[in-house]
Amino acid sequence: GQLLPQTGTLAYLGPPEVAGVDLAVKEINEAGGVLGQDVEVTHADSSDADHAEVATQSVTDLLSQDVQVIIGAASSSVTLNVIDDITGAEVVQISPANTATSLSGYSDFYFRTAPPDTVQGSALGNLITGDGHSNIGILVFNDDYGTSLRDVVKETVEATGATVVYGNPGEEFDPAASSFATDVTALMATNPDAVVVLAFEQTKQIIPELAAAGVDPSTIYMVDGNTADYSADFEPGTLEGAQGTIPGAFPSDEFQARLKEVDANLTDYAYGPESYDATILAALAAVKGGATDGPTIQANLAAVSGADGGEECSTFADCVELLDG
């Protein structure tokens with residue numbers, strides 16, 4: 001089962017994630033499938049946290065079809081809405097993109113191939129202070145993803161002696177608001193020398209407000225939730241010099257070409273490698289355990305991902321050969 005965003009504020013993350021799963025399924029089946037049978041994938045929409053009913057219905061549909069593994073969701077908040085239904089049914093859930101620290105160790109049936117916010121938040125905080133900034137303003141939406149990441153960034157920059165002048169707990173904005181002008185005004189009143197934007201689609205409204213307030217774009221920092229293509233939304237130069245972080249692997253040219261074999265229209269690749277790995281690992285766990293039920297896959301996932309050491313392999317076929325040996 002595939003629970004990835006086809007609609008909503010994270011829909012731009014969907015194509016590379018879906019391509020990652022589909023490429024893995026293609027390569028698994030070309031190598032003989034899992035225990036002699038082809039892998040079948042059922043696509044379902046996760047949408048976003050503002051449309052929670054979409055993911056809930058999708059999970060109900062996937063579970064009714066007896067899926068053994070669900071790849072997704074992309075959003076940590078969406079996962080927190082459905083994880084109990086999935087893992088309670090002893091179905092393995094592997095997210096390629098969840099980063100909320102609250103999901104670490106949540107369930108024995110929950111896994112992820114993306115690093116948690118403790119990693120990205122630390123990297124972002126060190127990037128900002130390394131650039132010489134000491135008064136940092138954070139525009140953060142009231143969402144598990146945003147607040148979790150904010151907390152780590154705050155802890156990281158304050159450890160270096162810098163100050164978070166805005167965006168502390170209690171200063172989050174409503175993700176469903178129609179305007180963010182008041183939030184930008186409150187931010188600017190604290191005279192930040194760097195601005196972090198922790199948001200999704202709201203970024204399209206926030207950036208023009210920051211530009212109108214005279215913020216130098218080279219002092220703006222973004223994250224995986226909003227490092228998207230804004231060429232159709234902003235005037236050229238609006239984000240010149242802005243920086244951001246995306247946790248995870250940046251795919252090689254060779255892997256990008258393989259992803260394009262299943263989706264020729266791909267332009268972004270965020271979390272494509274993580275989606276591919278999640279699918280391959282689930283299949284290898286079934287091979288190692290000799291069965292395709294959720295508990296068997298759950299029991300073998302750690303081993304096939306290297307938790308017990310072992311020999312590295314780079315294709316499904318090569319990994320199966322090692323398991324057979």
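The values are calculated or read from the model by the stated rules, or taken from the named source; none is laboratory data. Note that the structure is a prediction, hence the values are computed from the model and not measured. Cβ: placed from backbone, ideal geometry, glycine included. Neighbour counts: every protein chain shown. Surface areas here come from the heavy atoms of the whole protein model, side chains and all, with no ligands, DNA or RNA. Shrake-Rupley method; radii C 1.70, N 1.55, O 1.52, S 1.80 Å.
Miscellaneous remarks
- 112, 150, reordered so the largest accessible area comes first (probe 1.4 Å): 112, 150
- Lysines with Cα under 19 Å of residue 26, excluding same-chain neighbours fewer than 8 positions away: 260
- FRET E, pair residue 230, residue 131, Förster distance 25 Å, beta-carbon r, rounded to 0.05: 0.70
- All-pairs Cα distance distribution in the chain, expressed in whole percent, bin size 10 Å: 6, 26, 32, 22, 11, 3, 0
- MRE, 222 nm, helices only [DSSP H, n ≥ 4, -39500 (n - 2.57), over the chain, to nearest 500]: -13500 deg cm²/dmol
- Rounded to 10°, Cα long-axis angle of helix 272-289 versus longest principal axis of the chain: 30
- Charge sum, other residues only, whose C-beta stays under 10 Å from residue 8's C-beta, Lys/Arg counted +1 and Asp/Glu -1: -4
- Sequence-distant aspartates and glutamates (8 or more away, or on other chains) whose Cα lies within less than 18 Å of residue 154: 117, 131, 143, 144, 171, 172, 193, 224
- Antiparallel %, DSSP beta bridges [both residues in the chain], to 5: 5
- Taking all protein chains together and rolling a 1.4 Å probe, residue 288 ends up with roughly 100 Å² accessible.
- Length gained when the stretch residue 160-residue 205 is fully extended (0.36 nm per residue, less Cα-Cα span): 13.1 nm
- Radius of gyration, Dmax [the stretch 171-325; alpha carbons; angstrom]: 21.9, 65
- Calculated diffusion of the stretch 23-85, Stokes-Einstein form, Kirkwood radius summed over Cα pairs, 37 °C and 0.692 mPa s, µm²/s: 255
- Each of 316, 250 has its accessible area taken with a 1.4 Å probe; listed largest first, they run 250, 316.
- Largest first, the residues 60, 296, 101 sort by 1.4 Å accessible area into 60, 101, 296.
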